[in-house]
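Structure, as structure tokens:
The values are calculated or read from the model by the stated rules, or taken from the named source; none is laboratory data. Quantities reported herein were computed from a predicted structural model and do not represent experimental measurements. Cβ placement follows ideal geometry from the backbone for every residue including glycine, while neighbour counts extend to all protein chains displayed. Please note that ligands, DNA and RNA were not included when accessible areas were found on the heavy atoms of the full protein model with its side chains. Shrake-Rupley method; radii C 1.70, N 1.55, O 1.52, S 1.80 Å.
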Amino acid sequence: MVEIKRPSPTDLLTIGEVVRRTGVAASALHFYERKGLIQAQRTEGGTRLYPRHVERRIAIIQVAKRLGIPLSEVAEQFQALPTDRMPSLRDWNRLNEHWRAKLTARQRELERLQSEMSQCIGCGCVSLSVCLVMNPGDVLGQDGQGARRLQPIEDGTT
């Protein structure tokens, strides 16, 4: 009977294999490595070998990019994950909850902006001095319309 060896998360893959399996360019893998998002081992000849579990990190990086999460934040969150083994489901759930909260806050902000935009389009105002969308927090506008920062010219005219 032939014994079939099942892949292990610690199996080492060449960069070409990781590129083929993830669809991520080798240059991106090098970039992720420089940023500390993934780690590779090196052979005596300098060839990069990646543990199979790095594929999970790469998948998370790709999802984070699609969601607009900056790589700096991904790197920050990855610091809490083990580098020598596959992160546990608990590890991934913690990461998911963190990003879910951030995405929910961003969604609320976008909804607020959409509401302001709808009000702006429908209000018909032509005065930027009272428009909360185009001129939010206008302190100088409280003194009335017109320029407030012009300095008089020496001859007394403005």
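Could you pull out which residues in region 59-102 have an amide N less than 19 Å from a spot 7 Å beyond the Cα of Gln114, following the Cα-Cβ vector? Within reach of a label on Gln114: 67-69, 100-102. Solvent-accessible surface of region 12-59, averaged per residue with a 1.4 angstrom probe and all protein chains in place: 55 square angstrom. Extension gain, Arg34 to Glu73, is 12.5 nm, computed as 0.36 nm per intervening residue step minus the present C-alpha separation. Between Glu44 and Val63, the distance separating the two model label sites (each 7 Å from Cα on the Cα→Cβ line) works out to 4.1 nm.
Here's how it looks for Leu13: its modeled amide H is under 5 Å from those of Tyr50, Arg52, which are all 5 or more places away or on a different chain.
Tell me, what is the percent relative contact order of region 16-126, built from C-alpha pairs under 8 Å that lie six or more residues apart?
Working: 49 pairs, mean separation 18.6, N = 111.
With pairs under 8 Å counted, the relative contact order is 17 percent.
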